[in-house]
Amino acid sequence: MDWTKKYFGGSQETPQGAEAGGSGRSAPALGRSLSFGERTRLGLSQTWYSLVETLGLQKISAVLSGVYTLPTSTDPLYLLGKRYEPIRPPAEEEEVGKDGGEGRAGAVGASASSELDERTELLAADMASRAWVTYRSGFHPMGPSGLTTDAGWGCTIRSGQMLLCNCLLVHLKGREWLRGDAEADSAEVLREVVSLFFDSPQLRHYFSIHNIVKQGRSFGIVAGHWVGPYVLCQALHKIIKMTSKMVHMNVGDQCPIALYLVAEPHGGIPTLYRSRGAEIAGAAAATPSAAVLGSHEEEEGKEEEGKEEGKEGEEEGQGRAEAEGNGPWKPLLILIPVTLGVTPKINVCYVPQILATLSMPQSVGIIGGKPGKSLYIMGSVGENVLVLDPHTLKPFHGDYASEEELAESYFCKGFSTMLCRDLDPSLALGFFCRTRADYADLYDRLDALQREHPTTAMVSLAAEPTPEGQAASADLQEFTDSKVEVEGWVM
């Protein structure tokens, strides 16, 4: 099966302005090689992570970084928006469970224990089905310095790759899918999804670290230098837009999802415009090969639109129809970069809101972490967030890797946790709306959250942009579009 045809249709030296909605346009050292000191620092980072992997010191490394293993808890757990009941029973249930005596108490205790075991097994299987993208070594040389590893600088990019990879898996296989399900094309789909992130400059791996760095250069991404979530979101936005141009030019495949980047070009609280997201999803669905995407769930009653789709005027018309609740819909990934404070840790007033967003069924996680240490945040339990840590050095695997090698390299069996209040202020929230109904529900949930926290809202919402907001959005769109060039890709 040609999966791409089936599913795709056919340092801490963040540049000034890279965070808090800045454009990230100033990028010193874009074209120069790394200095001796920078190469030494990266070499030491690679040595450390190699030792950690070779000697099995991951737990010690996690403790030193302030990231701990998953604790048992009496609070419900949320993983990619899915709720799991507590994996540790309340105290009174524990007492009943300890009663090994006869009669009703013993039966209730045995039943509770069995239910708890079943919940734990389901959670473990779900955890093992989430993509884990980490540091790599031995890949194709990158940048003027010929780097062959991203150890010590690529953690934010790896966190973003995890969010995007898990979003694609949810889109193509459904949220309830678990790795190991006896479905004929599961292994092939997994390989094709993961291959999009292989560390290669070739076109078919268009979410590789090489292509993210290359296409993010105009936003300030430099091989060998740490980058923040906002700039990464700009690069991912650019790449997904480029895939649409590739389809028009018949030189590549189209990404099966659209992307709405909710960001203010000059900083400030980002505003999610209900009409704008609907227009993006509607216009993207009106491009060639996008009406039927092969997703896990096709919306009932959805019809293929028109024979002359793809013209700019018609795409805008489809977008306006979508804003009114009509027309096609392309599954939509929403990325919202935010800056929640000016200190090394987030302002604690935002903690309840972060935990609330992670419990929403549309959540596909957050690109965030500790100061200088990016993590992929996938869920929450109590006051803690669940994270996948990219700070593990794995060897590069390419197209000829075996299924066992891919499973070992791109999946793991558990998560770590950290206190939500210890997060770095720079984050990027991720949501996935497969259908128009999902988008409407997300908007309502975020609107309720905004009303609950009127003076400290993370995200502002509005049905339509004001003339000023429309102009700012156009500026950001023009800036991104001016940098979308297919010629820069390696074919």
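Take the residues of the range 327-345 that are out of contact with any strand residue (DSSP E or B) (no Cβ under 8 Å at 6 or more places or on another chain) and either of a type in the set (S, T, N, Q) or open to solvent by less than 40 Å² (accessible area, probe 1.4 Å) (or both): which is modelled with the lowest pLDDT?
We begin by selecting, within the range 327-345, every residue out of contact with any strand residue (DSSP E or B) (no Cβ under 8 Å at 6 or more places or on another chain); these are 327-329, 341-345.
Checking which are either of a type in the set (S, T, N, Q) or open to solvent by less than 40 Å² (accessible area, probe 1.4 Å) (or both) leaves us with 327-329, 341, 343.
On the way: Gly327: 78, Pro328: 88, Trp329: 94, Gly341: 90, Thr343: 91.
That would be Gly327.
Within the range 168-205, which residues are assigned to a helix (DSSP H, G or I) and in contact with a Cys (Cβ under 8 Å, 6 or more places away or on another chain)? Lay out the reasoning, then the answer.
Of all residues in the range 168-205, those assigned to a helix (DSSP H, G or I) come to 168-173, 186-195, 203-205.
Result: Val193, Val194.
Listed here are the residues, each with its yes/no results for (1) aromatic (Phe, Trp, Tyr); (2) open to solvent by 30 Å² or more (accessible area, probe 1.4 Å); (3) part of a helix (DSSP H, G or I); (4) at pLDDT below 65.
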position	(1), (2), (3), (4)
Gly66	no, no, no, yes
Glu102	no, yes, no, yes
Ala112	no, yes, yes, yes
Glu118	no, yes, yes, no
Arg136	no, no, no, no
Phe139	yes, no, no, no
Arg158	no, no, yes, no
Asn166	no, no, yes, no
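Going residue by residue through the range 147-154, is there one that turns out to be at pLDDT 90 or above, of a type in the set (Val, Ile, Thr) and open to solvent by 40 Å² or more (accessible area, probe 1.4 Å)?
Yes; the residues of the range 147-154 include at least one that is at pLDDT 90 or above, of a type in the set (Val, Ile, Thr) and open to solvent by 40 Å² or more (accessible area, probe 1.4 Å).
Does Ala290 satisfy the criteria of being modelled with pLDDT of 70 or more, buried (at least 19 other Cβ atoms within 10 Å of the Cβ) and in contact with a Lys or Arg (Cβ under 8 Å, 6 or more places away or on another chain)?
Details: modelled with pLDDT of 70 or more: no; buried (at least 19 other Cβ atoms within 10 Å of the Cβ): yes; in contact with a Lys or Arg (Cβ under 8 Å, 6 or more places away or on another chain): yes.
For Ala290, the condition - modelled with pLDDT of 70 or more, buried (at least 19 other Cβ atoms within 10 Å of the Cβ) and in contact with a Lys or Arg (Cβ under 8 Å, 6 or more places away or on another chain) - is not met.
Conditions tested, residue by residue: (1) surrounded by fewer than 24 Cβ atoms within 10 Å (Cβ to Cβ); (2) in contact with a Gly (Cβ under 6 Å, 6 or more places away or on another chain); (3) assigned to a strand (DSSP E or B); (4) at pLDDT 90 or above.
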{"position": "Glu322", "(1), (2), (3), (4)": "no, yes, no, no"}
{"position": "Gly325", "(1), (2), (3), (4)": "yes, no, no, no"}
{"position": "Val351", "(1), (2), (3), (4)": "yes, no, no, yes"}
{"position": "Leu355", "(1), (2), (3), (4)": "yes, no, no, yes"}
{"position": "Met360", "(1), (2), (3), (4)": "yes, yes, no, yes"}
{"position": "Gly369", "(1), (2), (3), (4)": "no, no, yes, yes"}
{"position": "Ile377", "(1), (2), (3), (4)": "no, yes, yes, yes"}
{"position": "His397", "(1), (2), (3), (4)": "yes, no, no, no"}
{"position": "Tyr400", "(1), (2), (3), (4)": "yes, no, no, no"}
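Any idea which of Asp444, Asp475 is assigned to a helix (DSSP H, G or I), modelled with pLDDT of 90 or more and under 26 Å from the mean Cα position of the chain (by Cα)?
Just a single option satisfies the conditions, and that option is Asp444.
When you check Arg421 against the structure, is it in contact with a His (Cβ under 8 Å, 6 or more places away or on another chain) and basic (Lys, Arg), yes or no?
Values: in contact with a His (Cβ under 8 Å, 6 or more places away or on another chain): no; basic (Lys, Arg): yes.
Judged against the criteria, Arg421 is not a match.
Taking into account only those residues within the range 144-201 that are within 17 Å of Pro390 (Cβ to Cβ) and small (Gly, Ala, Ser), which is nearest to the chain's Cα centre (by Cα)?
The extreme case among them is Gly160.
Every residue in the range 419-438 that is touching a Gly at 6+ places or on another chain (Cβ under 6 Å) and either assigned to a strand (DSSP E or B) or among the hydroxyl-bearing types (Ser, Thr, Tyr) (or both), please.
Hits for the range 419-438 are Ser426, Leu427, Gly430.
Within the range 258-272, is even one residue at pLDDT 90 or above and farther than 27 Å from Leu169 by Cβ?
Checked against the condition, which is being at pLDDT 90 or above and farther than 27 Å from Leu169 by Cβ, the range 258-272 yields at least one hit.
Applying the selection to the range 404-425, what residues are touching a helix residue (DSSP H, G or I) at 6+ places or on another chain (Cβ under 6 Å) and open to solvent by 30 Å² or more (accessible area, probe 1.4 Å)?
Of everything in the range 404-425, those that are touching a helix residue (DSSP H, G or I) at 6+ places or on another chain (Cβ under 6 Å) and open to solvent by 30 Å² or more (accessible area, probe 1.4 Å) turn out to be Gly414, Arg421.
The values are calculated or read from the model by the stated rules, or taken from the named source; none is laboratory data. As the structure is a computational prediction, the values presented were derived from the model and not from experiment. For neighbour counting, all protein chains shown are included, and Cβ atoms are generated from backbone atoms with ideal geometry for every residue, glycine included. Protein only, heavy atoms only, side chains kept; ligands, DNA and RNA dropped before computing areas. Shrake-Rupley method; radii C 1.70, N 1.55, O 1.52, S 1.80 Å.
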